[in-house]
Amino acid sequence: MIMQIIDPHVHFFNLAVGQYTWLQGENPPAWPNLEKIKQAISAEQLVKSTDFELAGIVHIEAGFDNQSPINELNWLSSHLKNLSFKAISYNQIDAPAEQFNHALNALAHSSLCGIRDITEDDDAVRLKSPHCINNLNLLATNKLHFEAQFDIENSEITKQIAYYAKQLPQLQIIINHAGLPSNLNDWQQGAELLAQHDNIAIKFSGFELLQLTSEQQAACFNILFNHFGQQRIMFASNFPVCQINTSYNTLWHCHKALCSNDKTWHNLSYANAKHYYQV
């Protein structure tokens, strides 16, 4: 029996049309297999690359045009016309309220379900801006998620996100890439704090960018499972970046190997993503 999956963290690139200055500018990432990652791929090619049935995806903003991110959403509508999808776009989370609201209005699109603004490392301080809570409240009012990408080992910032979750219980926060674990003791403390809030979920992905062994990755999964349970974790690929060290199909089989039963696998690979993103 072919098993259905929904992948809640995928990027598609169109380097001929989009900007992607982070990827094809003067200082591209020093990733293995970068040329493979940059290759144009269709939704049909991705579907055929796995022996699971890819029933839908969530496309995460990829820097197509950060000055006018609606252009990425419009391109996706044609590029993904044969695959069920929702999209996470870009808005500056610490922008003044009027600027944030104007930018959000400009993103009106049937596929839009949330906003991501990457706040890793030193950039995380932006999450402490007094503008953030108003902007997050606006997202919640518009029934849009906040995709939070930051190091949850940063206890000060993790406490800030937990504060937002408590103050805005109607806001859905989804942590990207397992909270970027490095020091597992500090990371576990952050995961435990965030898991106390029912409106925070987390995606298990991005390990190709992290310096963890397969045993440590399995330990991360067990920690998340113990605290978030099987209703608030989603397996994801981070395609095409996952190709740093593995194929799309192999990655999903590695995810499946972490599950002790079919119910857990179904929830983490399909049902939870369908619930949160309505793909």
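Does Glu35 satisfy being surrounded by fewer than 15 Cβ atoms within 10 Å (Cβ to Cβ), part of a helix (DSSP H, G or I), at pLDDT 95 or above and of a type in the set (Asp, Glu)? Here the answer is no, as Glu35 does not meet what is asked. Please find, within the range 231-267, the residue that is farthest from Phe204 (Cα to Cα) out of those that are part of a helix (DSSP H, G or I) and among the β-branched types (Val, Ile, Thr). Filtering the range 231-267 for residues that are part of a helix (DSSP H, G or I) and among the β-branched types (Val, Ile, Thr), the one farthest from Phe204 (Cα to Cα) comes out as Ile244. All told, Gln189 falls short of being on the phi < 0 side of the Ramachandran plot, touching a helix residue (DSSP H, G or I) at 6+ places or on another chain (Cβ under 6 Å), surrounded by fewer than 21 Cβ atoms within 10 Å (Cβ to Cβ) and modelled with pLDDT of 95 or more.
Beta carbons closer than 7 Å, at least 6 apart along the sequence or on distinct chains, pair a first residue in the range 151-166 that is surrounded by fewer than 20 Cβ atoms within 10 Å (Cβ to Cβ) with a second that is assigned to a loop (DSSP other than H, G, I, E, B) for Ala162/His197; Lys166/His197. Of the helices (runs of 4 or more DSSP H) lying entirely inside the range 39-133, those containing at least 1 residues that are among the polar types (S, T, N, Q) and in contact (Cβ under 8 Å) with a residue 40 or more places away in the chain are 70-79. When Ser84, Ser78, Ser110 are checked against the criterion of being at pLDDT below 95, farther than 23 Å from Pro28 by Cα and not charged (D, E, K, R), Ser78 stands alone in meeting it. One residue stands out among those in the range 13-32 that are in a loop (DSSP other than H, G, I, E, B) and touching a Leu at 6+ places or on another chain (Cβ under 8 Å): the one that is surrounded by the fewest Cβ atoms within 10 Å (Cβ to Cβ), which is Pro29. Taken together, the residues in the range 213-246 that are farther than 19 Å from Pro8 by Cβ and either in contact with a Lys or Arg (Cβ under 6 Å, 6 or more places away or on another chain) or surrounded by fewer than 17 Cβ atoms within 10 Å (Cβ to Cβ) (or both) amount to 9. Filtering the range 89-99 for residues that are under 22 Å from Cys242 (Cβ atoms) and either in contact with a Pro (Cβ under 7 Å, 6 or more places away or on another chain) or at pLDDT 95 or above (or both) leaves a non-empty set. For the range 38-52, taking the residues that are touching a Leu at 6+ places or on another chain (Cβ under 9 Å), surrounded by 13 or more Cβ atoms within 10 Å (Cβ to Cβ) and among the aliphatic types (A, V, I, L, M), the one that is modelled with the lowest pLDDT is identified as Ala43.
The residue list Phe85, Phe100 contains one member that is closer than 30 Å to Gln160 by Cβ and either surrounded by 19 or more Cβ atoms within 10 Å (Cβ to Cβ) or under 17 Å from the mean Cα position of the chain (by Cα) (or both), which is Phe100. Just one of the listed residues (Ala257, Ala195, Ala273, Ala178) is more than 27 Å from Lys38 (Cα to Cα) and either charged (D, E, K, R) or surrounded by 15 or more Cβ atoms within 10 Å (Cβ to Cβ) (or both), and it is Ala195.
The values are calculated or read from the model by the stated rules, or taken from the named source; none is laboratory data. Just so we're clear, the structure is a prediction, and the values are computed from it rather than from any experiment. With ideal geometry, Cβ positions are generated from the backbone for all residues, glycine too; neighbour counts draw on all protein chains shown.
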